[in-house]
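Trainee: Structure provided below as structure tokens; questions to follow.
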Amino acid sequence: MPLPVSPPPPSTEALRARSGLLNPRTYEPAHFDAETRRILQATIDWFESRGKAALMADYHAQTWYAEFLEFVAKERVFATLLTPSGDADGDENKRWDTSRVAAMSELLGFYGLNYWYTWQVTILGLGPVWQSQNAAARANAARVLESGGVLAFGLSEKEHGADIYATDMVLTPDGDGFRATGGKYYIGNGNVAGVVSVFGRRADVEGPEGYVFFTANSAHPNYHLIKNVVPSQMYVSEFRLEDYPVRAEDVLHTGPAAFDAALNTVNVGKFNLGFGAIGICTHALYEAVAHAHGRLLYGNRVTEFPHVRRELVDAYARLTAMKLFADRAIDYFRTAGPEDRRYLLFNPITKMKVTTEGERVIDLLWDVIAAKGFEKDTYFSAASRDIRGLPKLEGTVAVNLALVLKFMPAYLFSPASYDPVPTRQDAADDEFLFRQGPARGLGKIRFHDWREPYSQYADVPNVALFRSQAEAFCTLLAEAAPDETQQKDLDFLLTLGELFTLIVYGQLILEQARIVSLDTNTIDQLFDVFVRDFSRYATELHGRASSTPVQQEWALSQIVKPAASDARSTQIWTTVESLATTYTMRP
């Protein structure tokens with residue numbers, strides 16, 4: 001399907017809806033079509049009608065969310081939002097549109113990670129199916145969604161985690177197909193999934209040619225559900241297949257294509273981790289500011305204490321940056337194609353950076369909300385626990401940083417020319433995401449000049465300071481690059497990766513800031529945070545065991561104090577303070 005050359009320019013109202021923090025009271029995503037808006041509003045209404053007391057009671061009682069899945073079935077939520085146009089059987093509302101997938105991910109995160117999780121693992125389960133040319137399997141997945149069912153992604157194993165090279169799910173030929181035997185672990189929705197996309201290997205074929213992706217059904221008698229491995233509402237299953245029959249209509253991919261399908265599914269599905277974190281942090285921010293502003297200590301509002309204001313402003317700035325980056329990354333996903341795979345850098349940063357920033361936001365808020373954050377009737381009691389899982393649902397932060405480093409030379413030193421990436425709010429099917437092709441050649445991907453957005457905001461004091469730190473980073477790599485020993489020192493390289501990630505993070509934030517006409521005081525405040533973060537990672541680099549004297553000297557030179565502004569601080573605090581009365585969930 002060809003990419004629209006010139007999607008209609010978004011209205012000011014649509015841009016505001018996309019860029020601001022989610023507020024269920026005023027939520028009106030004007031950039032979406034009528035059916036998408038209806039589904040999103042119906043989801044808000046379902047949660048708000050239940051109220052926070054019921055929401056948190058179910059959370060702490062670890063109640064399976066059957067009523068939510070009944071709502072999903074009734075409103076055709078998953079069927080409409082997760083079925084590509086080519087499998088929609090003529091339904092004009094069905095398509096795979098990354099912008100509305102992200103919107104639902106943020107919305108479900110806002111009300112609780114458990115509800116986000118069943119949506120998320122359905123997306124992962126669909127990845128290998130929608131990448132397959134197996135028409136029967138695709139039609140079956142579409143039927144499962146239409147009936148209100150969910151899917152699962154059978155990749156990880158108890159002994160090997162997500163190390164798919166070492167899978168113990170073995171398929172033995174039986175004449176008509178295969179018989180599959182083996183276990184899977186950490187498999188969400190594994191208790192009820194109508195389709196489980198399972199990764200395994202043939203017993204009779206060695207090496208990559210033996211990989212197989214196939215579908216199973218959790219209701220089949222040869223599918224044995226063992227247990228839920230976590231104490232939670234969500235069902236993160238351990239299951240085992242024993243002599244499970246796999247017919248031709250069940251096989252999705254074979255050989256290296258099965259391996260590629262696994263990685264490409266992660267590219268599509270795990271992108272939503274960042275939006276789940278944004279939703280969680282937004283609800284927690286409202287609750288924390290409202291609590292602090294309404295509480296008196298020593299005759300003063302808690303929000304009158306300077307350290308509390310600093311923590312709340314930092315939390316607000318970090319959350320705003322998370323949303324700006326992730327929203328801009330959507331455009332690169334939707335504009336991607338064989339000749340433009342820049343999204344493959346922005347994806348691990350969304351998975352890693354946005355989610356770890358979410359942890360920082362919650363930590364800052366917890367210092368403010370203090371003991372209240374432990375109380376079972378607060379949303380925060382769930383947020384403080386659940387936010388930890390998101391950076392760990394895709395391996396570890398280290399896995400994603402190591403991936404990010406593969407792009408660093410081309411990104412910093414070999415810019416290429418691209419047409420500007422538009423703000424993608426058109427109702428198009430993002431079909432390229434299911435034909436990404438082989439998962440290799442990352443080092444050959446080129447990027448547009450990262451300096452351009454920084455130059456556009458050169459008059460903003462902290463952007464200018466951060467730009468100087470970024471330029472100094474390039475000088476470090478040119479004049480004191482990691483030697484052979486350091487290139488094997490993952491501890492050293494991960495700190496280098498954090499510094500590089502900040503530069504990419506800032507670039508997309510500035511691009512989105514221009515799109516939504518973000519005021520310069522807010523931009524200055526965001527980069528106040530980034531200047532301090534760059535200084536902190538430079539300090540870490542200085543302390544690494546393998547850092548050289550030249551690198552240590554460079555690191556000390558990059559410990560920079562951000563530019564301060566009383567006027568800016570007053571404006572940002574006024575914005576943060578207003579959140580105290582912006583949103584409170586119905587009891």
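Trainee: Going through the stretch 202-245 one residue at a time, which ones are closer than 19 Å to Gln133 by Cα, buried (at least 23 other Cβ atoms within 10 Å of the Cβ) and of a type outside the set (Phe, Trp, Tyr)?
Mentor: Of everything in the stretch 202-245, those that are closer than 19 Å to Gln133 by Cα, buried (at least 23 other Cβ atoms within 10 Å of the Cβ) and of a type outside the set (Phe, Trp, Tyr) turn out to be Val212, Thr215, Ala216.
Trainee: Something else now. Could we say that Glu339 is open to solvent by 30 Å² or more (accessible area, probe 1.4 Å), within 30 Å of Arg424 (Cβ to Cβ) and free of Cβ contacts under 8 Å to residues at least 24 places away in the same chain here?
Mentor: Working: open to solvent by 30 Å² or more (accessible area, probe 1.4 Å): yes; within 30 Å of Arg424 (Cβ to Cβ): yes; free of Cβ contacts under 8 Å to residues at least 24 places away in the same chain: yes.
So Glu339 passes the test.
Trainee: Could you list, in sequence order, all residues of the stretch 394-433 that are open to solvent by 20 Å² or more (accessible area, probe 1.4 Å) and of a type in the set (Phe, Trp, Tyr)?
Mentor: Matches in the stretch 394-433: Phe413, Tyr418.
Trainee: Take the stretch 455-468 and flag every residue that is open to solvent by 10 Å² or more (accessible area, probe 1.4 Å) and of a type outside the set (Asp, Glu).
Mentor: Those that are open to solvent by 10 Å² or more (accessible area, probe 1.4 Å) and of a type outside the set (Asp, Glu): Ser455, Gln456, Tyr457, Ala458, Pro461, Ala464, Leu465, Arg467, Ser468.
Trainee: When you go through Glu540, Glu471, Glu484 one by one, which is the residue that is touching a Ser or Thr at 6+ places or on another chain (Cβ under 6 Å), surrounded by fewer than 19 Cβ atoms within 10 Å (Cβ to Cβ) and acidic (Asp, Glu)?
Mentor: Glu540
Trainee: Looking at Ser156, Ser197, Ser218, Ser237, which one is polar (S, T, N, Q) and touching a helix residue (DSSP H, G or I) at 6+ places or on another chain (Cβ under 8 Å)? Please lay out each step first, then the result.
Mentor: Details: Ser156 fails: touching a helix residue (DSSP H, G or I) at 6+ places or on another chain (Cβ under 8 Å); Ser218 fails: touching a helix residue (DSSP H, G or I) at 6+ places or on another chain (Cβ under 8 Å); Ser237 fails: touching a helix residue (DSSP H, G or I) at 6+ places or on another chain (Cβ under 8 Å).
The match here is Ser197.
Condition check ((1) within 30 Å of His60 (Cβ to Cβ); (2) out of contact with any strand residue (DSSP E or B) (no Cβ under 9 Å at 6 or more places or on another chain)) across all residues:
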residue: Asp204; (1), (2): no, no
residue: Thr215; (1), (2): no, no
residue: Val229; (1), (2): yes, no
residue: Tyr235; (1), (2): yes, no
residue: Tyr244; (1), (2): no, no
residue: Phe259; (1), (2): no, no
residue: Thr265; (1), (2): no, no
residue: Phe275; (1), (2): yes, yes
residue: Cys281; (1), (2): yes, yes
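Per-residue answers, yes or no, for (1) open to solvent by less than 20 Å² (accessible area, probe 1.4 Å); (2) at pLDDT 95 or above:
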{"site": "Leu494", "(1), (2)": "no, no"}
{"site": "Ile503", "(1), (2)": "yes, yes"}
{"site": "Gln507", "(1), (2)": "yes, yes"}
{"site": "Phe527", "(1), (2)": "yes, yes"}
{"site": "Ser547", "(1), (2)": "yes, yes"}
{"site": "Leu556", "(1), (2)": "no, yes"}
{"site": "Met585", "(1), (2)": "yes, yes"}
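Trainee: Taking strands (runs of 3 or more DSSP E) that do not extend beyond the stretch 199-276, which have at least 2 residues that are over 21 Å from Asn140 (Cα atoms)?
Mentor: Once the strands (runs of 3 or more DSSP E) in the stretch 199-276 are filtered for at least 2 residues that are over 21 Å from Asn140 (Cα atoms), what remains is 223-228, 236-246.
Trainee: Here is a further query. Looking at the stretch 434-454, which of the residues that are closer than 13 Å to Tyr343 by Cα and at pLDDT 90 or above is most open to solvent (accessible area, probe 1.4 Å)?
Mentor: Checked the stretch 434-454; the qualifying residue most open to solvent (accessible area, probe 1.4 Å) is Arg446.
Trainee: In the stretch 61-75, what residues are in contact with a helix residue (DSSP H, G or I) (Cβ under 8 Å, 6 or more places away or on another chain) and in a helix (DSSP H, G or I)?
Mentor: Once the filter is applied, which keeps residues that are in contact with a helix residue (DSSP H, G or I) (Cβ under 8 Å, 6 or more places away or on another chain) and in a helix (DSSP H, G or I), the stretch 61-75 yields Phe68, Leu69, Phe71, Val72, Glu75.
Trainee: Take the stretch 243-265 and flag every residue that is of a type in the set (D, E, K, R) and over 13 Å from Ile164 (Cβ atoms).
Mentor: Asp243, Arg247, Glu249, Asp250
Trainee: So which of Gln552, Gln558 is without any contact (Cβ under 8 Å) to a residue 12 or more places away in the chain, polar (S, T, N, Q) and within 19 Å of Pro482 (Cα to Cα)?
Mentor: Exactly one residue qualifies, and that residue is Gln552.
Trainee: Still on this structure, please answer the following. Please name all residue pairs, on different chains or six or more residues apart, with Cβ atoms under 7 Å, provided the first residue is in the stretch 231-242 and is on the phi < 0 side of the Ramachandran plot and the second residue is of a type in the set (Ser, Thr, Tyr) and part of a loop (DSSP other than H, G, I, E, B).
Mentor: Qualifying pairs under 7 Å: Gln233/Thr63; Gln233/Tyr65.
Trainee: Where residues in the stretch 140-166 are touching a Ser or Thr at 6+ places or on another chain (Cβ under 6 Å) and part of a loop (DSSP other than H, G, I, E, B), which of them is nearest to Lys392 (Cα to Cα)?
Mentor: It comes out as Ala162.
Trainee: How many residues does the stretch 186-200 hold that are farther than 21 Å from Leu393 by Cβ and crowded, with 24+ Cβ neighbours inside 10 Å?
Mentor: Adding up the residues that qualify gives 1.
Trainee: Please work out if Glu92 is in contact with a Ser or Thr (Cβ under 9 Å, 6 or more places away or on another chain), of a type outside the set (A, V, I, L, M), within 28 Å of Tyr379 (Cβ to Cβ) and open to solvent by 10 Å² or more (accessible area, probe 1.4 Å).
Mentor: no
Residues are listed down the side, and each one gets a yes or a no for (1) within 22 Å of Gly373 (Cα to Cα); (2) under 11 Å from the mean Cα position of the chain (by Cα); (3) modelled with pLDDT of 95 or more; (4) crowded, with 24+ Cβ neighbours inside 10 Å:
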| residue | (1), (2), (3), (4) |
| --- | --- |
| Asn267 | no, yes, no, no |
| Gly274 | no, yes, yes, yes |
| Tyr298 | yes, no, no, no |
| Arg301 | yes, no, no, no |
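Trainee: For Ala57, are the conditions met, namely being aliphatic (A, V, I, L, M), surrounded by fewer than 17 Cβ atoms within 10 Å (Cβ to Cβ), farther than 19 Å from Ser105 by Cβ and in contact (Cβ under 8 Å) with a residue 40 or more places away in the chain? Spell out how you get there, then give the answer.
Mentor: Details: aliphatic (A, V, I, L, M): yes; surrounded by fewer than 17 Cβ atoms within 10 Å (Cβ to Cβ): yes; farther than 19 Å from Ser105 by Cβ: yes; in contact (Cβ under 8 Å) with a residue 40 or more places away in the chain: no.
Spelling it out, it is not the case that Ala57 is aliphatic (A, V, I, L, M), surrounded by fewer than 17 Cβ atoms within 10 Å (Cβ to Cβ), farther than 19 Å from Ser105 by Cβ and in contact (Cβ under 8 Å) with a residue 40 or more places away in the chain.
Trainee: Can you tell me which residues in the stretch 167-177 are closer than 24 Å to Asn191 by Cβ and either assigned to a loop (DSSP other than H, G, I, E, B) or in contact with a Phe, Trp or Tyr (Cβ under 8 Å, 6 or more places away or on another chain) (or both)?
Mentor: Thr167, Asp168, Met169, Leu171
Trainee: A further question follows. Among the listed residues Thr80, Thr43, Thr36, Thr26, identify the single one that is of a type in the set (Ser, Thr, Tyr) and open to solvent by 20 Å² or more (accessible area, probe 1.4 Å).
Mentor: Every option except Thr26 fails the conditions.
Trainee: Tell me, which residue of the stretch 347-381 that is modelled with pLDDT under 95, of a type in the set (Gly, Ala, Ser) and surrounded by fewer than 21 Cβ atoms within 10 Å (Cβ to Cβ) is farthest from Tyr59 (Cα to Cα)?
Mentor: Taking the candidates together, the pick is Ala370.
Trainee: For the stretch 558-583, name all the residues that are among the hydroxyl-bearing types (Ser, Thr, Tyr) and open to solvent by 20 Å² or more (accessible area, probe 1.4 Å).
Mentor: Within the stretch 558-583, Ser565, Ser569, Thr570, Thr574, Thr575, Ser578, Thr581, Thr582 meet the criteria.
Trainee: Also, quick follow-up: Looking at Ser147, Ser105, Ser156, can you tell me which residue is polar (S, T, N, Q) and open to solvent by less than 10 Å² (accessible area, probe 1.4 Å)?
Mentor: Working: Ser147 fails: open to solvent by less than 10 Å² (accessible area, probe 1.4 Å); Ser156 fails: open to solvent by less than 10 Å² (accessible area, probe 1.4 Å).
Ser105 is the lone residue from the list that is polar (S, T, N, Q) and open to solvent by less than 10 Å² (accessible area, probe 1.4 Å).
The values are calculated or read from the model by the stated rules, or taken from the named source; none is laboratory data. Please read these numbers as outputs of a predicted model, since none were measured by experiment. In this analysis, Cβ positions are derived from the backbone assuming ideal geometry, glycine residues included, and neighbour counts consider all displayed protein chains. For accessibility, only protein heavy atoms count, side chains too; no ligands or nucleic acids. Shrake-Rupley method; radii C 1.70, N 1.55, O 1.52, S 1.80 Å.
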